[in-house]
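Asker: This is the structure I want to talk about, given as structure tokens.
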């Protein structure tokens, strides 16, 4: 079904996900989007509870640098343990599922 498309060009019938997959960028793009959503959710939960970064880090039993990595959507290196502690620190739970 490849229609002599040059790299970086999108055919009219191609979806954006299809383009990203063809370019080998779909997984990375989805990871970055997911990380940004999680960072926004943690930031919003902190705001709702009036928590500073210092207070949040203390609740997570970590330092501000690790919290800053969690809140940085461009930093992909966050463990499930860190996410679980962040969720607990703001009174939430972490749910991870395969779909």
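What follows is calculated from the coordinates using simple rules that are stated; it is not laboratory data. Source: prediction; values computed, not measured. Neighbour counts run over all protein chains shown; Cβ positions are idealised from the backbone, glycine included.
Asker: Those residues that are free of Cβ contacts under 8 Å to residues at least 12 places away in the same chain and touching a helix residue (DSSP H, G or I) at 6+ places or on another chain (Cβ under 6 Å), I need them from the stretch 64-77; list them, please.
Answerer: Selection gives 64 alone.
Asker: If a residue counts only when it is under 10 Å from the mean Cα position of the chain (by Cα) and under 30 Å from residue 11 (Cα atoms), which helices (runs of 4 or more DSSP H) contained entirely in the stretch 22-99 have at least 1 such residues?
Answerer: Numbers: elements: 26-48, 53-60, 64-71, 80-89.
Fully inside the stretch 22-99 and qualifying: 26-48.
Asker: Could you list, in sequence order, the residues of the stretch 21-42 that are surrounded by 15 or more Cβ atoms within 10 Å (Cβ to Cβ) and touching a helix residue (DSSP H, G or I) at 6+ places or on another chain (Cβ under 8 Å)?
Answerer: If the condition is that a residue be surrounded by 15 or more Cβ atoms within 10 Å (Cβ to Cβ) and touching a helix residue (DSSP H, G or I) at 6+ places or on another chain (Cβ under 8 Å), then 26, 38, 39, 42 are the ones that fit.
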